[in-house]
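The values are calculated or read from the model by the stated rules, or taken from the named source; none is laboratory data. Keep in mind that what you see is a predicted model, and the values were worked out from it rather than measured. Heads up, the Cβs are rebuilt from the backbone with ideal geometry, glycines too, and the neighbour counts pull from every protein chain shown. Side chains included, ligands, DNA and RNA excluded: accessible areas come from the protein's heavy atoms. Shrake-Rupley method; radii C 1.70, N 1.55, O 1.52, S 1.80 Å.
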Amino acid sequence: MLILAPAGCGKTEALSLKVSGLLERGLVQRPRVVLVVTFTNRARDNIRRRLKAQLSERALRESVSIANFHGLASRIYQAHARSVGLDPDAAMPSSDWIAEQCIAREFDRSRKAAVLQLLQAVKQEDLNDEQVASRLAVAGDQDAIDIEELRRRENRLTYDDLPRLANVILRCEGVAQLYRSHFAAVIVDEFQDLTPQQLRMVDFLGADVTTFAGDLAQGIYSFAGAAPVDVYARIKPRVNSIVAFTESHRSSPAVLGMVNSLTGLTGGTVLTSALPARWPNGGLAAAFSVADIAAESDWVMRFCRFILKLAPGHRIGVMSRTNPRRQYVESSLTAQGIPIWKWDDPLLDAETARTLRSTLRSQKPVPVGSIATVAQTLLDSTKGLIAQDPLLLTALSQACTWAAELLVDGVTIDGVLKRVKVGDEATLLSAPGVHLLSGHVGKGQQFDWVVIVGAEEGCLPDFRCTTEDEVAEEARILSVMLSRARHGVVVVSTAAVPTASGYVRGRRVSRFVAAFDSLEDLNDQAGAVAWLRAADWAQIVEV
């Protein structure tokens, strides 16, 4: 089965009902189980919570196996590595080891990106270690070769090694048959995020008993190897039935109108609101251009301040295609004392945050050098401030590396201190106020209001996108950002943007914005202000 379920249409609920239906009809008999595969721990935990409402604790424990792809690959590797001559006791990945090696070797950003890209590309083929080494030798990148050789000497795996070696193992027919006998049905959440390698893994486990669920319009991870259009083309002909959800329970009609206007570019499903009368004034949809960055950041600041005054419990997502595009908005919000949550900054536990703050305040003069050197200077300065707790030391090491990256980029110590936040992922998912994030980070999230800045050619779509497929993915990134909103969306473009050297460059409105022109309820700048002032905020707060 293929379930096409756009954002806010109840996909997770549908998958939990699918699992419970398989069990209730007796299609899954012990000792066989249903395998549910997700991409993240949060998605895994979310579907587990939904299943608890449908199944008994015993049925969930005995008849359902829920895992993310890396967790599943890890299980396969540790259980069957010996079948292909590998060591099942190899160190499992617990951090981005390759990135850490690049930092330790003091690579600049372009060198680091080249090494990461090459290793990722080679390892997305189902090659054994010797074949990987041969491919790297042909590529001739000595840095990548050295890092891979060190990985093998240390007998460790990276995140890219797990699915690669799992598929090498599953090519052994006896192992694959063992898993096919164990899994009576396979359910894949967010099929559009599958890499061809992950799809091959799914096919090894249950090619003819798999339900795929997701939304082509949310396929935005090609940089990680995902191939949404190709994967969809491979899945669609082989399924017995296709179920398409077309009612959104998340967004107002105005927001859905903007999302729907992009379906010709994204391949998404046209949506209607499940309860259109629920939304005060039908919701807000607005798109307009302002003269310059200062006008854009000032408008966004006033928008956020207005909403939080009338609806202090609401969440506002200020989103852009890339993180640097929001820095002017961030400065404007900070100058007005409006608290912000930056999703590209880590959330630290209280002990790590306290120690890092103390360490930063003690740095006179400011440490200089490479990221690795500055990070080590900060970490050395923590001695005597903490107990030698391994978990705390790991967290503190990662926090020092993050702070070092900012300091090397020219951020002041006071600037880093202001960005130290305490909490966990759950804090971000529920905290009211203004949240700053990119479209990729925002996928899967929900906000009461969304403001998208940088809707200009060169920013959205990104200037590096030249092919038709690349431009289509940029449209999907915009669609993902729009579909995060409940009550309203404002899309802002700017006629002039300063470059890193201080030169002001003229910009044209993004080609994607033209898709909104046919919307009857689209507001310009003045219309958006009028809508906000006329709205029944008591009713809005209740929804």
For Y159 the rounded accessible area (nearest 10 Å², probe 1.4 Å, non-protein molecules ignored) is 90 Å²
Between T322 and T412, the two model label points (7 Å from Cα along the beta-carbon direction) sit apart by a distance in nm of 2.6 nm
Taking V259, V411, V541 and ranking on accessible area (1.4 Å, protein atoms only), highest first, one gets V541, V411, V259
All alpha-carbon distances of region 324-381, grouped into 10 Å bins from 0, give the whole-percent distribution 18, 34, 40, 8
Expressed as a percent, the accessible surface of the chain that is carbon or sulfur, using a 1.4 Å probe and the full set of protein chains, is 52 percent
With R₀ set to 30 angstrom, the calculated FRET efficiency between the beta-carbons of V366 and Y503, to the nearest 0.05, is 0.60
Over 21 Å (Cα to Cα) among K123/K236; K11/K236; K18/K52; K11/K342; K364/K418; K309/K418 -> K123/K236; K11/K342; K309/K418
Rounded to whole Å², per residue accessible area for region 232-333 with a 1.4 Å probe reads 42 Å²
Counting only protein heavy atoms and rolling a 1.4 Å probe, one gets per residue an accessible area for region 1-122 in Å² of 49 Å²
In whole percent, the Cα-Cα distances of region 204-345 spread across 10 Å bins from 0 upward as 9, 27, 30, 23, 9, 3
Note on the chain: helices (DSSP H) long enough, at least 18 Å by alpha carbon along their axis, and hydrophobic enough, mean Kyte-Doolittle at least 0.0, are 11-24, 109-123, 293-310, 390-408, 468-482
The chain: antiparallel bridges as % of DSSP beta bridges, rounded to 5, reads 10 percent
Region 503-526 and region 422-457 have their Cα centres apart by a whole-number Å value of 22 Å
Of Y179, Y328, ordered by accessible area with the largest first and a 1.4 Å probe, the sequence is Y328, Y179
Out of A67, V543, V175 - ranked by how far each Cα lies towards the positive end of the dipole of the chain, with unit charges on the beta-carbon of charged residues - the top one is V543
Any GluC sites (Glu not before Pro) in region 453-510 that lie in a DSSP loop and have at most 16 other Cβ atoms within 10 Å would be E457
antiparallel share of DSSP beta bridges within region 396-543, to nearest 5, in %, is 40 percent
Whole-Å distance linking the alpha carbon centroid of region 251-320 with that of region 44-73 is 34 Å
Once D349 and N240 are pulled to full extension, the length gained, defined as 0.36 nm per residue separation minus their Cα-Cα distance, is 34.4 nm
Cross-link reach from K421 to aspartates and glutamates, straight Cα distance under 19 Å and at least 8 residues apart if same chain, gives E330, D344, D345, D349, E351, E405
For region 446-457, Karplus-derived ³J(HN,Hα) couplings (6.51, -1.76, 1.60; θ = phi - 60°; whole Hz; x for glycine and proline) come out as 9, 9, 5, 9, 10, 10, 10, 10, x, 7, 10, 4
